[in-house]
Amino acid sequence: MGRKLHNHDFKSSEFPAFGWCVCYAMPEILEVSMVHSLAGELVGGKLTIERPFRAPHHSASMASLVGGGSRPRPGEVSLAHHGVLFLDELPEFQPNVLDALRQPLEAGETVIARANHRISYPSRIQLVAAMNPCKCGGASPGESCRRGPRCAADYQARVSGPLLDRIDLQIEVPAISAADLVLPPASEGSAEVRARVTAARERQRMRFAALGAKGIRTNADCSTTLLEKTATPDEAGVVLLRHAAETLGLSARGFHRTLKVARTIADLEGSEIVGRAHIAEALSYRGETLRQARAA
């Protein structure tokens, strides 16, 4: 969807993507457009119906990533508001620059405070990051790092524990072989996945609307108080979550984020109940954080 539109062109038929509903699509569009206008990136003063996708280089400075400068302007995290911020080669970013993302990821906004001004930019994003297991980059399947385990440990340590704790889905993707490249396509394609995701998002929107939670449309936006009403697991799920919190050292943030992920997994399945299987799957996605906690 690359077409831009003017204010007077706004029609419900223009929004087939993302399952957007007109009743809340326009506020999001205006927010995104205003941020991009402040950064001088709004072409011709037109609104856009594209969700932002930002992919800064790993040499990005703190000002370019979170905003600031002598004449303060939004950074990449704010320009990705209501969209995706993709950080490739995550440990190659400067550690202090990455840690500056912790507050925006938690609060959904970036606050820039200077001696003579204080500015707040919206920064509710979906953070997607990718990294190699070690500095050497990995190689063929079954081949280990030439420098040994210390190489991977030092490289991964460039990403702090508190930042990892804010990343809900952490998945190790093994290297693929040439034989894998000629396999037939998966039976479930992007269109089928999109339909399931759209249905899950609509289920969440209706749930929060029924609770009178204004401005809340997804589980990610849900407060801790509201989470207790919408994502309380069944008895077996409570036992598993409590056991994981005690034995694996889940932080309070990790505890509640695990519940949000489990609620979303249940929504994707069309289940109104958060069960033990949903909790177990959500915990499996925090594997890297939990492994580091046990090592510490």
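Any read-out appearing in this document is the output of simple, stated calculations on the displayed coordinates, not a laboratory observation. It should be emphasised that the depicted structure is a prediction, and the values quoted were computed from it without experimental measurement. Cβ: placed from backbone, ideal geometry, glycine included. Neighbour counts: every protein chain shown.
For the chain, the Stokes-Einstein estimate of translational diffusion at 20 °C and a viscosity of 1.002 mPa s comes to 100 µm²/s, using the Kirkwood hydrodynamic radius over alpha-carbon pairs. Considering only P104, P185, P27, the mean-square fluctuation computed in a Gaussian network model of the chain, springs between alpha carbons under 10 angstrom, is largest for P185.
Among D221, D267, D180, the largest mean-square fluctuation in a Gaussian network model of the chain (Cα springs under 10 Å) belongs to D180.
Residues whose amide H lies under 5 Å from that of L87, counting only those 5 or more places away or on a different chain, are V128, A129, A130; hydrogens are built 1.01 Å from N in the peptide plane. Please identify, among G40, G161, G237, the residue showing maximal mean-square fluctuation in a Gaussian network model of the chain using a 10 angstrom Cα cutoff. Result for the chain, Cα springs under 10 Å: G40 fluctuates most. Where both residues lie in the chain, what percent of DSSP beta bridges are antiparallel, nearest 5? Antiparallel: roughly 55 percent of the beta bridges in the chain. Each Lys and Arg adds +1 at its Cβ and each Asp and Glu adds -1 at its Cβ; summed about the Cα centre, the chain shows a dipole of about 680 debye.
Total Lys pairs in the chain closer than 19 Å by alpha-carbon, pairs eight or more apart in sequence or interchain only? Write out the running numbers ahead of the final one.
On the way: K4/K46; K11/K46; K214/K229; K214/K260; K229/K260.
Lysine pairs satisfying the spacing and distance rule in the chain number 5.
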